[in-house]
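Any read-out appearing in this document is the output of simple, stated calculations on the displayed coordinates, not a laboratory observation. The model shown is predicted, which means the values in this text are computed figures rather than measured ones. A quick note on method: Cβ atoms are made from the backbone with ideal geometry, for glycine too, and the neighbour counts reach across all protein chains shown.
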Ligand code: FPP
Ligand code: MG
C-alpha cells in the first residue's frame, strides 16, 4: 500500500515513530479503493488516526496497542503526546494543499472526533445506560473520520460525496460496535489486554446497555456493583451468561449488521465490489 510508504516517509526521522505497529489501515484502504490516485490523502487521514490513537492511549492509560507496547508505556506520556502533536500538525500542514472542500471535511471530522473522545471520557465517569448518548459518542469518536475519509475520496474522484459519507458513517458505527463486542467475547491473547476491559475502564458499551435494559432489579444492582471493578473469572462468567440469556451480544451484532446493510445500499449503484467486501469484513473480523 503506497499510502503507508508516504506515511513512513513523513515520519521515519522520528525514532519513536518507527516503534509504532501498523494497523489495518482501514481509512486509507477505503480512500484508495474509492480513488486509487488519492494515496497522499489516505496517508494524511491515516496520520490523523495515528495521532489520535497516541493521545487516546495516554488518556486510557493503555500499555498495549496492536499487540505491542504502546508509545506511552515505552517512552512515557510526554513523548506520546508530543509525537501525536507532531504527526497531527504535519497532517494538517499537508491537508492545506488539498481542495478546500476536502480540507474542511477532514478538519471538521477531527473537531468531531476530539469531541467524541471528550464525551467518551465524561461518559466513563459513571455508568451510562443511555443508548443515544453511546451512539452519538461513537459516531463522533470513530465514525466521523471514516465518514469524512470516504467523502473526501469521493470528492477527489469527482463523485457525489453524500452516498459515500453514508457508507463511511455506517461502517464506522458498525466497526466500533463490533470492537465493543470483541472486548467482551474475545480471549485475552487475541485482544492483547484483559477481556471486559471497557467495563473496568467505566465504558458501558452497547452490549452492557442492552443487557441492563433487560435485567430485573436484583440483576441490575449486581451489574452496577461490578462496574469499574477488577472482575474475577466468576464475575466475568456471570456477565457473559447473562448476556447470552438476554441476547445482548446477538442484539448488538444485529444493530451492527443493519448498519452494514445500510452502508452497502448507499453505494451499491457505484459497483465497487471492494467496498462491499470491506463492509462485510467489519462484521466477520475477529481482531
Ligand atoms: C479510540 O477509542 C479513540 C479514537 C478513535 C479517537 C481518539 C481521539 C482523540 C484522542 C482526539 C485527539 C485527536 C487528535 C488528532 C490529536 P477507544 O479507546 O475506544 O479504542 P481502543 O480500544 O482502540 O483504544
Ligand atoms: Mg483507547
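Here's the yes/no breakdown for (1) within 12 Å of the chain's Cα centre (by Cα); (2) under 17 Å from residue 280 (Cα atoms):
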site	(1), (2)
161	no, no
179	yes, yes
182	no, yes
185	no, no
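For the stretch 59-70: of the residues being within 25 Å of residue 122 (Cβ to Cβ) and more than 8 Å from ligand 1 (Cβ to nearest atom), which is surrounded by the fewest Cβ atoms within 10 Å (Cβ to Cβ)? Reasoning before the result, please.
Taking the stretch 59-70 as the starting set, the residues that turn out to be within 25 Å of residue 122 (Cβ to Cβ) are 59-65, 70.
Of the ones still in play, those that are also more than 8 Å from ligand 1 (Cβ to nearest atom) are 61, 63-64, 70.
Values: 61: 11, 63: 13, 64: 14, 70: 23.
It comes out as 61.
Any residue at all in the stretch 37-53 that is within 15 Å of ligand 2 (Cβ to nearest atom), free of Cβ contacts under 8 Å to residues at least 40 places away in the same chain and buried (at least 16 other Cβ atoms within 10 Å of the Cβ)?
Scanning the stretch 37-53 turns up at least one residue that is within 15 Å of ligand 2 (Cβ to nearest atom), free of Cβ contacts under 8 Å to residues at least 40 places away in the same chain and buried (at least 16 other Cβ atoms within 10 Å of the Cβ).
Which condition number does residue 209 fail, the rest of (1) within 30 Å of residue 275 (Cβ to Cβ); (2) surrounded by 15 or more Cβ atoms within 10 Å (Cβ to Cβ); (3) under 18 Å from the mean Cα position of the chain (by Cα); (4) touching a residue at least 40 places away in the same chain (Cβ under 8 Å) being met?
Residue 209 satisfies all of (1) within 30 Å of residue 275 (Cβ to Cβ); (2) surrounded by 15 or more Cβ atoms within 10 Å (Cβ to Cβ); (3) under 18 Å from the mean Cα position of the chain (by Cα); (4) touching a residue at least 40 places away in the same chain (Cβ under 8 Å) except (3).
Given (1) in contact (Cβ under 8 Å) with a residue 12 or more places away in the chain; (2) within 14 Å of ligand 1 (Cβ to nearest atom), where does residue 10 come up short, assuming only one miss?
Every listed condition holds for residue 10 apart from (2).
Taking the stretch 157-190 only, how many residues are under 22 Å from residue 238 (Cα atoms) and surrounded by 18 or more Cβ atoms within 10 Å (Cβ to Cβ)?
6
Testing residue 74 on (1) part of a helix (DSSP H, G or I); (2) in contact with a helix residue (DSSP H, G or I) (Cβ under 9 Å, 6 or more places away or on another chain); (3) more than 25 Å from residue 195 (Cβ to Cβ); (4) away from ligand 1 (no atom under 14 Å from the Cβ), one condition comes back false. Which one is that?
Only one criterion in (1) part of a helix (DSSP H, G or I); (2) in contact with a helix residue (DSSP H, G or I) (Cβ under 9 Å, 6 or more places away or on another chain); (3) more than 25 Å from residue 195 (Cβ to Cβ); (4) away from ligand 1 (no atom under 14 Å from the Cβ) is unmet by residue 74, namely (3).
So, in the stretch 128-138, exactly how many residues are crowded, with 19+ Cβ neighbours inside 10 Å and over 18 Å from residue 55 (Cβ atoms)?
Kept after step one, since they are crowded, with 19+ Cβ neighbours inside 10 Å, are these residues of the stretch 128-138: 128, 134, 137-138.
Now narrow it down to the ones that are over 18 Å from residue 55 (Cβ atoms): 128, 134.
Within the stretch 128-138, residues that are crowded, with 19+ Cβ neighbours inside 10 Å and over 18 Å from residue 55 (Cβ atoms) number 2.
Within the stretch 106-113, identify whether any single residue is under 18 Å from the mean Cα position of the chain (by Cα), surrounded by 17 or more Cβ atoms within 10 Å (Cβ to Cβ), within 16 Å of ligand 2 (Cβ to nearest atom) and free of Cβ contacts under 8 Å to residues at least 24 places away in the same chain, and answer yes or no. Talk me through it step by step, then tell me what you get.
Of the residues in the stretch 106-113, the ones under 18 Å from the mean Cα position of the chain (by Cα) are 106-113.
Still in the list and also surrounded by 17 or more Cβ atoms within 10 Å (Cβ to Cβ): 106, 109-110, 112-113.
Right, trim to within 16 Å of ligand 2 (Cβ to nearest atom) and you get 113.
Pick out the ones that are also free of Cβ contacts under 8 Å to residues at least 24 places away in the same chain and you get none.
For the stretch 106-113, residues under 18 Å from the mean Cα position of the chain (by Cα), surrounded by 17 or more Cβ atoms within 10 Å (Cβ to Cβ), within 16 Å of ligand 2 (Cβ to nearest atom) and free of Cβ contacts under 8 Å to residues at least 24 places away in the same chain: absent.
Among (1) surrounded by 20 or more Cβ atoms within 10 Å (Cβ to Cβ); (2) within 16 Å of ligand 2 (Cβ to nearest atom); (3) over 24 Å from residue 20 (Cα atoms); (4) in contact (Cβ under 8 Å) with a residue 40 or more places away in the chain, which single condition is residue 150 missing?
Every listed condition holds for residue 150 apart from (2).
Condition check ((1) touching a residue at least 12 places away in the same chain (Cβ under 8 Å); (2) over 23 Å from residue 138 (Cα atoms)) across all residues:
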| position | (1), (2) |
| --- | --- |
| 229 | yes, yes |
| 234 | no, yes |
| 256 | yes, no |
| 259 | yes, no |
| 278 | yes, no |
| 282 | yes, no |
